[in-house]
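Here's the structure, in structure tokens; my notes come after.
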Amino acid sequence: MRITGTFIDEITHDIPSQNWGPAEWAADFEVMRRIGIDTVVLIRAGYREQAVFNSWVLREARPMLPARENLGELFLDLAERNGMQLFWGIYDPGDWINHPGEALDINMRFMEEVYDRFGSHPAFKGWYITFELSRENRDQVELVVSAGEHAKSLSPTLPTLISPYIAGHKANGVARVGREQHETEWRRIFDRIKGCIDIVAFQDGHVDYLELPEYLTSTLRLARESGLTCWSNIETFDRDMPIKFPPIDWRKLEFKIDAAREAAVDKLITFEFSHFLSPNSCYASAHHLFDRYCERFEIVNAAKGSAGH
């Protein structure tokens with residue numbers, strides 16, 4: 001089971017910018033296509049004062065840095081050229097946890113602007129609701145529900161995706177819970193979000209590796225009970241190092257891919273190909289991780305023409 005989807009983290013939060021232009025992005029999309037990636041997920045179209053295009057909605061709401069290139073349009077065009085579908089991530093104001101009402105208000109107008117401007121593009125195939133749930137926090141869950149419902153009101157046939165995380169011991173800022181509590185809370189969350197969220201892709205890096213198979217199996221069962229499609233977000237960066245964040249050790253990545261396959265999830269996506277798995281990455285170790293990945297899946301000449309090989 002290969003990784004067939006990746007996030008695009010252009011408006012970076014806690015990893016460095018690679019300072020790519022259209023040519024570098026085009027080369028990376030080509031490598032993605034060669035290794036079998038058919039889905040790209042724009043993790044956020046804006047974060048605080050940055051955005052992937054000059055949004056009048058965001059400019060009216062707060063001071064914004066200029067977006068001198070329309071990266072939203074670039075990513076849609078590259079996705080279409082490479083036969084990929086793109087899920088559009090919404091705006092993260094940076095303080096949504098403390099101000100969910102304000103985050104919803106700006107995003108309802110922003111999503112309308114995005115859909116009016118980009119929704120007819122052939123590669124625009126879904127919405128990514130950027131807010132990451134973990135626990136059964138009512139305000140946070142209701143924010144995701146409302147954003148998902150608004151996406152459905154704009155485009156009833158397009159799927160909606162979220163990527164939550166497990167409140168394990170590697171998760172900062174939330175109280176750790178055991179698997180039974182995790183199941184109890186997520187059974188209720190799934191019951192609440194079904195109908196406005198179609199796909200759930202749990203991040204796989206917040207629990208110990210040896211705990212992961214049980215979490216994958218139980219979460220998949222709960223998601224399917226509520227009629228949701230279940231992907232796995234295979235993190236290709238390492239949370240165990242004292243720095244944020246290097247590419248993961250190949251042996252750990254291979255274990256997580258095998259665990260997801262054995263749990264029988266529907267699809268593997270990753271955070272995030274371009275930084276941590278690409279032969280074009282600013283991290284030299286990502287080039288070697290790419291080589292190990294291609295060896296495992298017998299992928300030949302995938303990096304042809306890339307900057308890293």
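The values are calculated or read from the model by the stated rules, or taken from the named source; none is laboratory data. Remember, it's a predicted structure, so these values are computed and weren't measured experimentally. Every residue, glycine among them, receives a Cβ derived from its backbone with ideal geometry; neighbour counts consider all protein chains shown.
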Give region 240-252 a look and list any residue that's part of a loop (DSSP other than H, G, I, E, B), charged (D, E, K, R) and modelled with pLDDT of 95 or more, or say none. ASP249
Can you tell me which residues in region 211-246 are over 16 Å from ARG188 (Cβ atoms) and hydrophobic (A, V, I, L, M, F, W, C)? LEU212, LEU216, LEU220, CYS230, TRP231, ILE234, PHE237, MET241, ILE243, PHE245
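Here is a check on your reading of the model: is THR270 among the hydroxyl-bearing types (Ser, Thr, Tyr), within 21 Å of the chain's Cα centre (by Cα) and farther than 19 Å from SER134 by Cβ? Spell out how you get there, then give the answer.
Working: among the hydroxyl-bearing types (Ser, Thr, Tyr): yes; within 21 Å of the chain's Cα centre (by Cα): yes; farther than 19 Å from SER134 by Cβ: yes.
For THR270, the condition - among the hydroxyl-bearing types (Ser, Thr, Tyr), within 21 Å of the chain's Cα centre (by Cα) and farther than 19 Å from SER134 by Cβ - is met.
Would you check if there is a residue in region 11-28 being surrounded by 14 or more Cβ atoms within 10 Å (Cβ to Cβ) and on the phi > 0 side of the Ramachandran plot? Step through it out loud before you land on a result.
Narrowing region 11-28 to residues surrounded by 14 or more Cβ atoms within 10 Å (Cβ to Cβ): 11-12, 15, 18, 20, 24-28.
Add one more test, that the residue is on the phi > 0 side of the Ramachandran plot, and what stays is none.
No, that holds for no residue.
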When both residues are 6+ apart or on different chains and their Cβ atoms are under 8 Å apart, which pairs have a first residue that lies in region 225-238 and is over 11 Å from LEU277 (Cα atoms), and a second that is small (Gly, Ala, Ser) and part of a loop (DSSP other than H, G, I, E, B)? ASN233/SER163
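Condition check ((1) at pLDDT 95 or above; (2) buried (at least 16 other Cβ atoms within 10 Å of the Cβ); (3) closer than 26 Å to GLY227 by Cα) across all residues:
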| residue | (1), (2), (3) |
| --- | --- |
| TYR91 | yes, yes, no |
| GLY94 | no, no, no |
| TYR128 | yes, yes, yes |
| SER155 | yes, yes, yes |
| SER163 | yes, yes, yes |
| THR184 | yes, no, yes |
| ASP198 | yes, yes, yes |
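Go through region 275-292 and give me each residue that's out of contact with any strand residue (DSSP E or B) (no Cβ under 7 Å at 6 or more places or on another chain) and part of a helix (DSSP H, G or I). Reasoning before the result, please.
Step one: filter region 275-292 for residues out of contact with any strand residue (DSSP E or B) (no Cβ under 7 Å at 6 or more places or on another chain), giving 275, 278-282, 284, 287-288, 290-292.
Across region 275-292, the qualifying residues are HIS275, ALA284, HIS287, HIS288, PHE290, ASP291, ARG292.
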Going residue by residue through region 293-307, is there one that turns out to be outside any loop (DSSP other than H, G, I, E, B), in contact with a Phe, Trp or Tyr (Cβ under 9 Å, 6 or more places away or on another chain) and of a type in the set (A, V, I, L, M, F, W, C)? no
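Quick one: which residue in THR160, THR229 is under 23 Å from VAL40 (Cα atoms) and touching a Phe, Trp or Tyr at 6+ places or on another chain (Cβ under 6 Å)? Let's see the steps before the verdict.
On the way: THR229 fails: touching a Phe, Trp or Tyr at 6+ places or on another chain (Cβ under 6 Å).
Checking each option against the conditions leaves just THR160.
Hey, among PRO122, PRO213, which residue is at pLDDT 95 or above, assigned to a loop (DSSP other than H, G, I, E, B) and surrounded by fewer than 23 Cβ atoms within 10 Å (Cβ to Cβ)?
Working: PRO213 fails: assigned to a loop (DSSP other than H, G, I, E, B).
Unique residue meeting the criteria: PRO122.
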